[in-house]
1. Got a number for residues in segment 347-366 being surrounded by fewer than 21 Cβ atoms within 10 Å (Cβ to Cβ) and either farther than 22 Å from residue 36 by Cβ or without any contact (Cβ under 8 Å) to a residue 60 or more places away in the chain (or both)?
2. Taking the criterion of being over 17 Å from the mean Cα position of the chain (by Cα) and in a loop (DSSP other than H, G, I, E, B), would at least one residue in segment 277-285 satisfy it?
3. Give the number of residues within segment 287-325 that are more than 17 Å from the chain's Cα centre (by Cα), in a loop (DSSP other than H, G, I, E, B) and either modelled with pLDDT under 95 or on the phi > 0 side of the Ramachandran plot (or both).
4. Which is in contact (Cβ under 8 Å) with a residue 60 or more places away in the chain and within 17 Å of residue 36 (Cα to Cα), of 284, 272?
5. Somewhere in segment 321-332, is a residue in contact (Cβ under 8 Å) with a residue 12 or more places away in the chain and within 28 Å of residue 126 (Cα to Cα)?
């Protein structure tokens, strides 16, 4: 459900489609934050396999010299120091050489597979997270999922109610105007009155949030702050989805500087903001960071990387059994690369997501194999991703 333009004009500020709200602080409720990196993250830059004997040769001018070593094999990009701190605290679990079942290189199709949970593009018109949330018990009319965007992304679409929130460029109306509109709605349209009550209450939660209307990479921290505001409420959503674009680095990708470094720095700050703003709720939170595909192993002639296959994903949060890297590393030799150009996938991303959903939200194996990720019953969830 989303607010119409007339509700936006009445509510002002930001738009959120929650029902009437009276939230108290949460305590011990499991929360999930899904971060979708659109454009194809270069996993070999974000999580460099510095211990691979072919790494420097294959990466050439994109080989990292100052990466943050996690172990003898892998190192984080130098613009991810807060990721590194979480890793050292056992609250970050990087996953490398993972991918969906998709093996072509179209953003549009790859994102569809990533979000729908189907094995092929346009296998269904709803998302795996909506299906997972639908397995949870909930009170009538309550939205379990929240998208920090004007429209719900595919991963949250489906038969189960979800909410959206996004900053509005419209000026906030006077309180007298809101009162008059509320009086009109309460007399003529109770459904609109309920939605407006919800929007006003929701906006009051994030009123004055630093940078709530930010654009570009800086918006990630602002959205993380807003997400935390909603998630830490007792009757708030169980899951929130944050999207970040700009990962399609075909040219001038850079190392410690450049568009990729800026995006990674913003992502690093955003995750740190989320942890800080969640406060005690971080202990019960799982953050999942995924992308539609990786990049080519070797740089192209323009100093960037082209569409690839396997990538890196990250699990973070107080529930994560981190401080280690999960990877069945395939290697970067010419014979090991997929089609002699891409990092070969050795871990099905759906198995990672299945394990996380099973342990964190207690989604049943039957639902995971049938409803959440259709026709995947034979694919076992990865065990041990979260603390016992």
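The values are calculated or read from the model by the stated rules, or taken from the named source; none is laboratory data. In this text the structure is predicted, and so the values were computed from the model without any measurement. Using ideal geometry, Cβ is built from the backbone for each residue, glycine included, and neighbour counts are taken over all protein chains shown.
1. Step one: list which residues in segment 347-366 are surrounded by fewer than 21 Cβ atoms within 10 Å (Cβ to Cβ), which gives 347-348, 351, 355, 361-362, 364-366.
Now drop any that are not either farther than 22 Å from residue 36 by Cβ or without any contact (Cβ under 8 Å) to a residue 60 or more places away in the chain (or both), which leaves 351, 355, 362, 364-366.
So the answer is 6.
2. No, that holds for no residue.
3. To start, the set of residues in segment 287-325 that are more than 17 Å from the chain's Cα centre (by Cα) comprises 295-310, 321-325.
Narrowing further to those that are in a loop (DSSP other than H, G, I, E, B): 297-302, 304-306, 308-310, 321-325.
Okay, now just the ones that are also either modelled with pLDDT under 95 or on the phi > 0 side of the Ramachandran plot (or both), so 323.
Of the residues in segment 287-325, 1 are more than 17 Å from the chain's Cα centre (by Cα), in a loop (DSSP other than H, G, I, E, B) and either modelled with pLDDT under 95 or on the phi > 0 side of the Ramachandran plot (or both).
4. Details: 284 fails: within 17 Å of residue 36 (Cα to Cα).
Matching residue, one of 284, 272: 272.
5. Residues of segment 321-332 that are in contact (Cβ under 8 Å) with a residue 12 or more places away in the chain, as a first pass: 321-332.
Adding the requirement that they be within 28 Å of residue 126 (Cα to Cα) leaves none.
Among the residues of segment 321-332, not one is in contact (Cβ under 8 Å) with a residue 12 or more places away in the chain and within 28 Å of residue 126 (Cα to Cα), which makes the answer no.
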